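Below is one structure, written out as C-alpha cells; the observations come after it.
The values are calculated or read from the model by the stated rules, or taken from the named source; none is laboratory data. The shown structure was predicted, so the numbers you read here are calculated from the model rather than taken from an experiment. Positions of Cβ are generated from backbone atoms using ideal geometry, with glycine treated the same way; all protein chains shown enter the neighbour counts.
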C-alpha cells in the first residue's frame, strides 16, 4: 500500500466498548481513517454525544446499519453481536472489502462447535473456512493474506500465548491444563445488566461460567492445533471489580521431557518464542505482572513460575481485555493486511497509575 | 406495647436495596418479626435465592403484591416506587395497620409540590395531611402518635440535620444556603441502568440533577418550617464510586447575630441540639467525618468548620444512605410508633474497614 | 459458665483490622465484655479517636502493651504480629488466662516448619504442643478443652473446609491439589505499604507470593492430617481491588473411588459434612458464591462444580477474610471455650449491597 | 526551533506519578526526547523496573540527583517536592536551561504567601519575579517568552478556568466565590500514607483541608489578578475513591450586571473565552461533565448551570488531575516555550471506559 494512502475504515456497531476503543486508536492512526460508523439504534446521533471522551476529536455521526453502504471502505470492523458479520460477509467480500469480525463468527473451523455454543446456524461456511484466526503472534502469515479475520476472544488470547510455547515444545501434559482467569467488568460489554451495576459488582469477587463458557471451546480448539496430543483444558473465569484488565493463571504439568529442563531453559523457550514481538513482553522468571501495567495498551505480559520447583509450571499472563484482548488486536491485524507497520496506531503507552 | 409481644411486620416491594436492608435489621430486632414480604415480579421466589446474603437466616418467600393480604400486620413498610403506598393507604389504615412509606407519597404537606415533581395526582390528601414526616430527631412526638409515616429522602436527612440548629437559632442567611452533596451508587437503587454499571460509574465522579432534583423541594419545604425567614437552598448532588455512603458539605453565611458567636458557641449550639440523640454524633469542631465511619449503621455524624474564620460556616454531614438515609430511619420510626426502645434492632456497629 | 457471667476479654494489639473487628463483634456480644485493650504505640489514645466507627459505642482507651496487666482477664486475644503471643503465653496460662492467638505462633505442630517460614525460634514448644488449631468445624472438641488457640490463617480456612470432605472420603488425588485464591486488600492488614495504596491497588489484579506464601505450609500440614496419602498442594494467592472478601477456587482430580460417585453423591458428601454447622453454607451444586454475600458476617459459603463432567472437581469457597477468616473465627472459638452458645455475638447479617 | 531538532529534556525526581506521566507523554512526543532523569533514592535503577508500564518503551536509568549534570538539556522538568527547583534555578538559568517546576516554588508573586504556606524561605526572589505562571489559556504570551515556569496546582487550574470569564466580565460577586472540589487519590502523589491505602480510601468519601489548603492562597492570588474587586474564595477539597480525575463545582452569585444577561449570553461568554483552545471544552449549557471523559488526556471540560434560574451560577469543571492538572499542562508550556505546536505529544484520546 502506498505510504501516503489512508486505509478507509468502516465500523459496524460502534456503540459498545470495542467500538469506542477502535475510534480511540484509529483517530491517531497515521495510515487509516474512519469514514463511516453505524448503529442500529443510534443512527443520526453524533458519536461524541454518546462518548464525551471523543468531544473535539471526532465529527462522525452514526449511520443507520440497515441502510449504510460500507462497500466504499477498504476494511470494515464488526464490533457487533455474534451473527452480524457473517450475514454481511459475502456481499462485502464480493465488493472487495476486507472484514475483521470482533465477534465469534469466524473464529471456528469446526462450525458444529460454533453452532452448538452460539445457538445459530452458520450462514457462510466457505468464508469461515478461508477466514484467518486473528491472533497475530501465532498466525501472522495467514493474517497478511486474509480477506476475513476472526478476531480472537479476550481470554483465548491470554491462554494461547501462555500455553503455546509449552505445547509446541511438547513438554507438558496437554490433557491436564488448567486456567484460572479473571477479567475486569468491561469484558462483559456495555450492557445494563443487574449483575454489572456498581453496587453489585464493586467490592466483590466471584467465578462465573464455571460449567461452560464460550471461550472454552474456542481456546481448546486452537490449543489442539499446537500439539498432536489430546488437549483437555479446564477454564474458570472470574469477575474482578476493575474496569479493564485480564489476568490468567495457567497451570500445566511438566512431562518427562519438560522435567529435564532447567528453569533457565524454560524461560529461554518463552523468550525465544516471542523474540522480536512488539506486543508480547516476557518478564523475568518469577515476576508477578499486574494488569494495570497494560492499561490502555496493546501489550500482553507474561511470566513463569515453578512453585517449590515441582512438576507444575505456572504461567501468569496479563493484558488489557479491550486492547490486546479485542480492539488493539484487530488493528494489529488490519495493519498486517494492508502492509503498514504492524505497530501503527498502537504505540500509546499504558496509563499508570 | 407488651414487652413480650412481637410487632408483626409486612414489607411491600422487598426486592430493592431498602428491602434487603429492612430484612437485615429486622431479622435481629428483639421486638419485631417480618411475617410477609411481597413483590410484583418475584412472587413465589425465596428471598434468599435473590439475596444470598440471607441464606440460612431467612425462610421467607415473596408473596404476590397483587393478592397478598397485609391487614394482619401491625405495620407495613413500603419499599416501593412512588405512588404505591398512597394507593393502599386508606385500606390499611382502616384495618388498623400502620404505614411507613420509604417513597415520597407522604413527605409533602403541599401536595401541589408533590404532584409537580412526581408527576402524579395524590390519591389520598387527607391521609397526607395527617402523616408524620419521619425524621425522628426533628419530629419525634408526631411520629410516636402517627398512623402514617413519610420516611425522609436520604439527602434531605443530612441537609435538615445539618442546617436545623442554625435556622432555628436564626443565625444564618436562610436565603443563601448551599449544599454540595455526594452519594454512593446504591442511592440510585437496584436498577439496571447503563449509567450505573461498574464500567461507567467506577473511577468516575460527576454531578447530576443540578438543575432540579426531587430532594430539593422536599428539603426546602422542611427547612422552611424551621424559620420565619424565606429559605432558598441550592442543592447539587454528585455521584461517587462507592456502594454506600452520603456526604453533604453545607454552606451558610452567618448573619449579624451569628457573627457575634464564637466558634465554641456555634459548636455548643449543635452539641445541645443533639444532646441525648443515639444516632447523631456531633464531632469536635474542625473534624472531617468520612462516610465509611457510618457504613452499615444508623449513625449520622457531623462537624463544623469556619474557614479563615470568615462569615461562612461549613457543616460536614455523613451517613449511610441506606440506613439513616432510608431503612434504618424507618425502623427507628417504627420503634417509636410501637413504644419499644428507639434503638432496638439498630445497634449494629459500622463495618470498618 | 454461668449465663449471667460476662467473659472478661483482653485484646493485645488492637490497632489493626482484626482488632477493630473483634471490638465490633464483642461490643454486641451478650456474654462477653472487653475490659482492656493494649497497643505499643497508642497507649493513652481513645479507641474511637483512631476508629471513628466506634464513636458513641466504646469508651476504651489503649493501655500500654509493655505495662498492662491482663491477668485479670478470662481470655486474651492476640491481634499482634507473629511472635508476640508466644512471648506472653507462659505467664498468661500460669495465671489461668486463656489465649487466642490470631497470628501464627500456635498454628503449627512441626515447629521446624514454623521457624523456617516465620524466621524466629519458637519460645514455648510445650504450649505449642498443647494448643488447639482453631478451625472450629474440624476441631471443635479440642477447642472446647483448650487453654491456647492458634487461630487459622484466612486462606487456610477456605482451603481446609473446601478440601476436607474430599480428602477424608479419599476420593481425590491428594498429591495434585491446586488452589487459585483471591483476597481483598484488608487481608494485608492496616499497613502503609506502597503496593497497597489506592492508586496502585485499585483497578488492578495480580498474583503474589506465587513461589511461597506462609499459608502454604500451614494448609499443607493441616490437609495432611486428613488423609494417609501424601498431600501436595499448589497455592496461588491473588490481590483483588476490594476491601473485604476471599474467594478460593479449588481444583482436585477424582480418583477411581471418586469417579464412581454421581454429582448428587458428591454434593451429599459436603451437605453431610457440614450438616448443622451454623457458619458453613453448602450451596446447591453449580452455584457461584460471591464474596459480598459474606461481607461482615462469619459465614463461609461453598459450592461444587464438575466442568464437562470430567474428572476434575472444582470447589468454590467464599468468606469475609476479617471475620470467618480471622476475628469471627476467634470469637467462635472463645464461645466454645467458655461454654456459651457458639453463635453468640456472631449473628450479624452480611451487609448487602 | 528547527522542525527536525529534538528538544532535549531532563526530569528531576522521576519516581512519582507526575514523573511517569511526563514519560508517557514525552515518549510519543514528535519534537522532544528525554535524555536524563534523576532520583535521589533510585540512582542506577532502570525506570521500567519501577514502572513496568514502561517495559519495552524506555531504556533510561535513573541518574543520581546529587551528581547528575542537567546543563546539557534544553529544558528540565522538576517533578519534585517544593523547594528543589528553586535551589537549582540560578545555575540552570545561567547555563541557558529552561525550567518547568511542577511544584510551588515559582507559582507565587507574593513570596510572603509562599513562605507562610510552604514553611520555607524562598531562595531566588528575582527568578520568582520573572517566572511565568504556566496556565496556558490565561497566560500564553508570558509563557512563550519565559525561562522559568511555575506550573499551576491541579485544583487551581480548574478554579481559574471556571471563574475567569465571570471575573473578567465583572458579572459576579467576587467576594463570595465557593468551590466544592473533588480529587482522585493520585492527587496525593505516590506516597505510602495510611489514609491512602485501599482499605481506607476505597468505598469512602470525605472532605479534607477544609480549614486551609495550599491551593487556596494560590488560587485566590490568581483570581485577584482578574478583577479589581476584592476576591474572597471558599475552597473545600474532597477525596474520591478513584485513581485519576478532578471535579470542581463552582458557585458564584450574579451581580446586577450579570443578572441582566440571559443564559445564552452567559454561555456565549464562555464559548468566546475559550474559542480556539485545543484543551478546553465548553460543553452545552446544562451538561454534566464526568471526570472519566478526560481520563489520560489534557482536555479540561466545563459546563454552566443556573439552578431554578436564580442568581447563583454553577460552573462544573473536570480534568485529569495528572494531565491538565500537572504533567500535560507542563508539556503544553514546553511546547510554547520552544515554538513547536502547542498540542504536540498531547493528542492521546481519553481512555473510555
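At a glance:
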item: Members of segment D:125-169 found to be under 23 Å from residue D:281 (Cβ atoms) and out of contact with any helix residue (DSSP H, G or I) (no Cβ under 8 Å at 6 or more places or on another chain), listed by number; result: D:139, D:141, D:162
item: Flag if residue D:168 is touching a residue at least 40 places away in the same chain (Cβ under 8 Å), surrounded by fewer than 22 Cβ atoms within 10 Å (Cβ to Cβ) and either more than 10 Å from chain B (Cβ to nearest Cβ) or outside any loop (DSSP other than H, G, I, E, B) (or both); result: yes
item: Filter pass, residue C:12 being under 25 Å from the mean Cα position of the chain (by Cα) and touching a residue at least 12 places away in the same chain (Cβ under 8 Å); result: yes
item: Checking residue C:186 against (1) facing another protein chain (nearest Cβ under 9 Å); (2) buried (at least 23 other Cβ atoms within 10 Å of the Cβ); (3) more than 15 Å from the chain's Cα centre (by Cα); (4) outside any loop (DSSP other than H, G, I, E, B), the condition it does not meet; result: (3)
item: Matching residues in segment C:74-112 - criterion: being buried (at least 22 other Cβ atoms within 10 Å of the Cβ) and over 30 Å from residue C:223 (Cα atoms); result: C:92
item: Flag if residue D:15 is within 25 Å of residue A:297 (Cα to Cα) and part of a loop (DSSP other than H, G, I, E, B); result: yes
item: Residue, surrounded by the fewest Cβ atoms within 10 Å (Cβ to Cβ), within segment B:282-302, restricted to residues that are within 17 Å of residue B:267 (Cβ to Cβ) and facing chain D (nearest Cβ under 9 Å); result: B:286
item: 2 or more residues touching a residue at least 24 places away in the same chain (Cβ under 8 Å) and farther than 30 Å from residue A:277 by Cα: qualifying helices (runs of 4 or more DSSP H) within segment A:75-135; result: A:84-94, A:111-118
item: Per-region count, segment B:239-255, residues more than 7 Å from chain D (Cβ to nearest Cβ) and assigned to a strand (DSSP E or B); result: 7
item: Unmet requirement for residue B:193, which otherwise passes all of (1) over 25 Å from residue D:285 (Cβ atoms); (2) free of Cβ contacts under 8 Å to residues at least 24 places away in the same chain; (3) away from chain D (no Cβ under 14 Å); result: (1)
item: Residue tally, condition surrounded by 19 or more Cβ atoms within 10 Å (Cβ to Cβ), under 23 Å from residue D:310 (Cα atoms) and within 8 Å of chain B (Cβ to nearest Cβ), over segment D:207-234; result: 1
item: Boolean, residue A:258 is surrounded by fewer than 19 Cβ atoms within 10 Å (Cβ to Cβ) and modelled with pLDDT of 95 or more; result: no
item: Tally, over segment C:197-206, of residues that are outside any loop (DSSP other than H, G, I, E, B) and either farther than 17 Å from residue C:186 by Cβ or more than 8 Å from chain A (Cβ to nearest Cβ) (or both); result: 4
item: Any chance residue A:49 is out of contact with any helix residue (DSSP H, G or I) (no Cβ under 9 Å at 6 or more places or on another chain) and either facing chain D (nearest Cβ under 10 Å) or assigned to a helix (DSSP H, G or I) (or both); result: yes
item: Number of positions in segment B:24-44 that are in a loop (DSSP other than H, G, I, E, B) and either touching a strand residue (DSSP E or B) at 6+ places or on another chain (Cβ under 7 Å) or in contact (Cβ under 8 Å) with a residue 40 or more places away in the chain (or both); result: 6
item: Of all residues making up segment D:1-44, the number that are within 14 Å of chain A (Cβ to nearest Cβ) and in contact with a helix residue (DSSP H, G or I) (Cβ under 6 Å, 6 or more places away or on another chain); result: 6
item: Among residues of segment A:328-353, those that are within 12 Å of chain D (Cβ to nearest Cβ), surrounded by 24 or more Cβ atoms within 10 Å (Cβ to Cβ) and closer than 25 Å to residue A:165 by Cα, counted; result: 0
item: Matching residues, segment A:303-326, being more than 12 Å from chain D (Cβ to nearest Cβ) and touching a residue at least 60 places away in the same chain (Cβ under 8 Å); result: A:312, A:313, A:314, A:315, A:316, A:317, A:319, A:324, A:325, A:326
item: Unmet requirement for residue A:72, which otherwise passes all of (1) over 21 Å from residue A:8 (Cα atoms); (2) part of a loop (DSSP other than H, G, I, E, B); result: (1)
